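Structure first, commentary second.
Any read-out appearing in this document is the output of simple, stated calculations on the displayed coordinates, not a laboratory observation. All of these numbers come straight from a predicted model, not from anything done at the bench. Here the Cβ is made from the backbone with ideal geometry for all residues, glycine too, and neighbour counts use every protein chain on show.
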Amino acid sequence: MRGALDDIPGYVPGRPAGAGGPGGRPAFKLSSNENPHPPLPGVLEQAVAAAGSLNRYPDMTCAGLLAELSARFEVPVEHLATGTGSVGIAQQLLQATAGPGDEVIYAWRSFEAYPIITQISGATSVRVPLTPDEEHDLPAMAAAITERTRLIFVCSPNNPTGVATPRAELERFLDRVPDDVLVVVDEAYREFVRDDRVPDGLELYRERPNVCVLRTFSKAYGLAGLRVGYAVAHEPVAAALRKTAVPFGVSQIAQDAAVASLRSEAELMRRVAAVVAERTRVSEGLAAQGWTVPDSQANFVWLRLGEATTDFAAACEQAGVMVRPFAGEGARVSIGEPEANDILLRTAAEFRRARGG
Ligand SMILES: *Cc1c(COP(=O)(O)O)cnc(C)c1O
C-alpha cells in the first residue's frame, strides 16, 4: 500500500439513532447535519420511476441535471460538474491538482473530510487554526500560501462551527491568492445562510477564474442518501472534474431526484425557513442558559466544551439525542425536529446546572 495511506484519520460518521433514548426508545440523530424532513414533494415518485431502469447505466453526462442547474444559476453547462456528493467532487479536485510535495491549506477545525482526502492525494495538509470567534483566519491562511500551495478550502458556513465568512474578508483574501491556486468555496450549507454580509459563492466564481464553488443535495434538499453534489467552476477546473469523475458515479435515481428537488423550490424554502427558525430558538435558548454559541448560518450549532465534550455527548445520548462530539474540542448538534431540539435544550441546561455553570 502507498505510504500516504498510513495514519489516515478515519471519517467518523455521526452515530445512528439506535436505541439510545430513555427506556430503549430510538434516539433522535442530530449527529450528521441531515435534514429532518423526508425528500421534497414529487421527489420520491421520480426516484421510484428511475428505479425501474436499474438494469441500465445512468446518463454518464448528467445532462438533465446539468441543464437544470445551468438555467437556474445562469452558468454555462461547461462550468458545471456533478459528483458523488460534494465530498466526491472535493476528492476529484485534489486528484486533479495535488500530489506529493504539494500543499493544501484549510482552516482547522473544519470539515473532517479535508485532511482525509488531502492525505490520500499524497499532498501535505497545512491547517490554519480558526480565530477565537470560530471564524476562518483568512489573513493567516493567505500568509500560509507558498509556491507549493495548490488548493485552498474555504468552508462557509464552516462545519462544525457554523460561522460563515463575510464578503469583504473573503474578497480581501482572494485578492492575495495567486491566480494559479484554486480556492474551493465549500457551500454545503448555503441555503441556510441568513446573514446578508455572507456572499453567494457564485458571485465570486463569476469574477474569479480560480474560484470553484461546491454545493450539495445532501443537506437542505434532504438527499444525503443519494450521493449527489455539484461544482461550479471555470475551465480548466470543470474539465478536470469531468476527467476525474468515476464513470456513472451519480445514479439515475440521484439525477432525477435532484432535478425534481430543484423544481420543488417553494417547499424547499419553507422547510429551510423552519430549520432556520429552530436554529434561532436553539441558539437563543442555549445563550440564555449561559452557553457561548457562535452565530451559526448552517443547520447545526457548535458548543466548545473542551474536556467536557464526551461527557456532554453521553448525557445527550442518555436523554435521547445523538450529537457529534470532537473529543477535547466541542460538540456539533444538528438542528432536528422541534421535539429533538427541546431534548437538547433541556439536557444542556441540566448539564450546566450539574456542573455549577
Ligand atoms: C455535509 C458536507 C458536505 C457534503 O457532503 P456530500 O458528500 O455532498 O454529502 C460537504 N462539505 C461540508 C463542509 C459538509 O459539511
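Could you check the spin-label model distance between Arg148 and Arg25? Points 7 Å from the Cα along Cα→Cβ, value in nm.
5.5 nm
Quick check on the exposure proxy: order Arg167, Arg206 from fewest to most C-beta atoms within 10 angstrom.
Values: Arg167 14, Arg206 17.
Ordered from fewest to most neighbouring Cβ atoms within 10 Å, Arg167, Arg206 come out as Arg167, Arg206.
Ranked by Cβ crowding within 10 angstrom, fewest neighbours first, how are Glu267, Glu317, Glu339 ordered? Mind showing how you got there, number by number?
Values: Glu267 14, Glu317 19, Glu339 11.
The fewest-first ordering by Cβ neighbours comes to Glu339, Glu267, Glu317.
Sorted by packing (mean other beta-carbon atoms within 10 Å per residue), highest first, where do 90-97, 65-72, 229-236 land?
Result, highest mean first: 90-97, 229-236, 65-72.
Add +1 for every Lys or Arg and -1 for every Asp or Glu among the other residues with Cβ under 13 Å from the Cβ of Gln252, and state the total.
0
For Leu138, what charge total do you get from the other residues with a beta carbon under 9 Å from its beta carbon, if Lys and Arg give +1 and Asp and Glu give -1?
-1
What does the extension gain come out to for Glu350 and Thr292, with contour length at 0.36 nm per residue minus their alpha carbon separation? Mind dumping the intermediate values first?
Numbers: separation 58, 0.36 × 58 = 20.88 nm, distance 1.59 nm.
Result for the pair: 19.3 nm of gain on full extension.
Could you compute the net charge surrounding Ala319? Neighbours are other residues with a C-beta less than 9 Å from the C-beta of Ala319; K and R count +1, D and E count -1.
Within the 9 Å Cβ shell, the charges total -1.
Based on the inverse mean of 1/r over its pairs of different Cα atoms, what is the Kirkwood hydrodynamic radius of the chain, in Å?
Result for the chain, one decimal place: 21.0 Å.
Compute the distance from the alpha-carbon center of region 49-76 to that of region 329-357, in whole Å.
Computed from Cα coordinates, the inter-centre distance equals 41 Å.
For a quick check: sort Arg227, Arg208 by the number of other beta carbons within 10 angstrom, fewest at the front.
Values: Arg227 19, Arg208 16.
Fewest-to-most Cβ neighbours within 10 Å comes out as Arg208, Arg227.
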